[in-house]
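Below you'll find the structure, written out as structure tokens, and then a few comments.
The values are calculated or read from the model by the stated rules, or taken from the named source; none is laboratory data. Small disclaimer: the values here were computed from a predicted structure and weren't measured. With ideal geometry, Cβ positions are generated from the backbone for all residues, glycine too; neighbour counts draw on all protein chains shown.
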Amino acid sequence: MTSITTQETILPTGKGIIVDRFSGKELLGHSPDDVKELLRQYGFIVFKNIEYSEEEIVQFAAQLGKIVTYDDERESVNYNKGPDPIFYVDGDTAPEKILCSTGALPLHTEGLVLGNKVDALILYAAAINRLNGGETTVCDAKTAIQEMPADLYQLVQENGCEFTALEKGYFSVADNGYYSAIDTVHELDGDEFWQISMNFPEGARAAWAGKIAGMTVEESKPYMDRLRLHFSHPRYTYRQRWETYDLLLADNKFCYHGREAYVGSRLLYNINIDFPEVVWNTVRNQVRQKAIHQAA
Ligand SMILES: O=C(O)CCC(=O)C(=O)O
Ligand SMILES: [Fe+2]
């Protein structure tokens, strides 16, 4: 796969790459380590024309790492969306559905609210028809964090964020209040990454909500708005216009992803992967540590 590294990257930050020279069979025949090295380097990869059955996409995911299953979680809320570990993102029009609806999703980290360690995710376009909109957004969060205004950076770095699940039909933990299933700031090989998600715009039905730890929702709002604006800037965020058999492999530590609203027919498969050999070093944020010390 080394030959593809001469291609131009998708984003001006040097992240994102399109690979259009392999069939599905050839991709399955590649060393998973090569694929993961590409992912480490570029943050996200769009493979074109990968015609896979459900079994093959699961096989591809399983070569890369440990597939994260949500079986018990989905069963506990009676959420029936595809054969586990595949999650069908199918544009469900039921009014209570948000995550798998045709509506927009802000940039987010997969697994955050449920507290799962997800190193990478696959989104696979199984069937796209007369689609208008529905781009998946992919953000180079690593560069965006490095280039963030200092006050905003410090606020999140020192305090961390907290999230709450709101979509009742999806999260068994919905309405449990604000909590941090996963700490905000982590480090890997000297690079910092933040496990956070952006808030839904005001007035929209929201699947989750976040705030700055130690602040009220009201106090947090201007900062959460600034975070959403900053990360979604075109310098950092690519919009994937789907064609059937596109396969997007994205890092879930140094990248965030989201969705634009759409009309038309769009079936994506979503699979979450844990890389057991990748250890996250949690950087406990200072303010919360202080609070813990004071309480002790
Ligand atoms: O529909 C999309 O493009 C993304 C869906 C997504 O982020 C999810 O299912 O977690
Ligand atoms: Fe997602």
query: Just to be sure, is residue 122 under 26 Å from residue 234 (Cα atoms) and either over 14 Å from the mean Cα position of the chain (by Cα) or outside any strand (DSSP E or B) (or both)?
result: no
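Here is a yes/no grid of residues against (1) surrounded by fewer than 20 Cβ atoms within 10 Å (Cβ to Cβ); (2) part of a strand (DSSP E or B); (3) within 11 Å of ligand 1 (Cβ to nearest atom); (4) of a type outside the set (Lys, Arg):
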{"site": "55", "(1), (2), (3), (4)": "yes, no, no, yes"}
{"site": "62", "(1), (2), (3), (4)": "yes, no, no, yes"}
{"site": "67", "(1), (2), (3), (4)": "yes, yes, no, yes"}
{"site": "96", "(1), (2), (3), (4)": "yes, no, no, yes"}
{"site": "113", "(1), (2), (3), (4)": "no, no, yes, yes"}
query: Mind checking whether some residue in the range 139-161 is surrounded by 21 or more Cβ atoms within 10 Å (Cβ to Cβ), under 16 Å from the mean Cα position of the chain (by Cα), within 13 Å of ligand 2 (Cβ to nearest atom) and not β-branched (Val, Ile, Thr)?
result: yes
message: Residues to consider are 136, 164, 143; find the one that is modelled with pLDDT of 95 or more, under 23 Å from residue 94 (Cβ atoms) and hydroxyl-bearing (Ser, Thr, Tyr).
response: 136
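Do the conditions hold for residue 223, that is, is it in contact with a Cys (Cβ under 6 Å, 6 or more places away or on another chain), among the aromatic types (Phe, Trp, Tyr) and more than 14 Å from ligand 2 (Cβ to nearest atom)?
Considered against the rule, which asks whether it is in contact with a Cys (Cβ under 6 Å, 6 or more places away or on another chain), among the aromatic types (Phe, Trp, Tyr) and more than 14 Å from ligand 2 (Cβ to nearest atom), residue 223 comes out as no.
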message: I need the full set of residues from the range 231-250 which are away from ligand 1 (no atom under 14 Å from the Cβ) and either crowded, with 20+ Cβ neighbours inside 10 Å or β-branched (Val, Ile, Thr) (or both), in order please.
response: 231, 236, 244
Failed item, numbered, when residue 106 is tested on (1) buried (at least 22 other Cβ atoms within 10 Å of the Cβ); (2) in contact with a Gly (Cβ under 9 Å, 6 or more places away or on another chain); (3) at pLDDT below 95: (3)
query: Can you list the strands (runs of 3 or more DSSP E) found entirely within the range 188-280 that contain at least 2 residues being over 24 Å from residue 169 (Cα atoms)?
result: 191-194, 237-240, 247-251
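Go over the candidates 33, 72 one by one and state the one that is modelled with pLDDT of 95 or more and not aliphatic (A, V, I, L, M).
33
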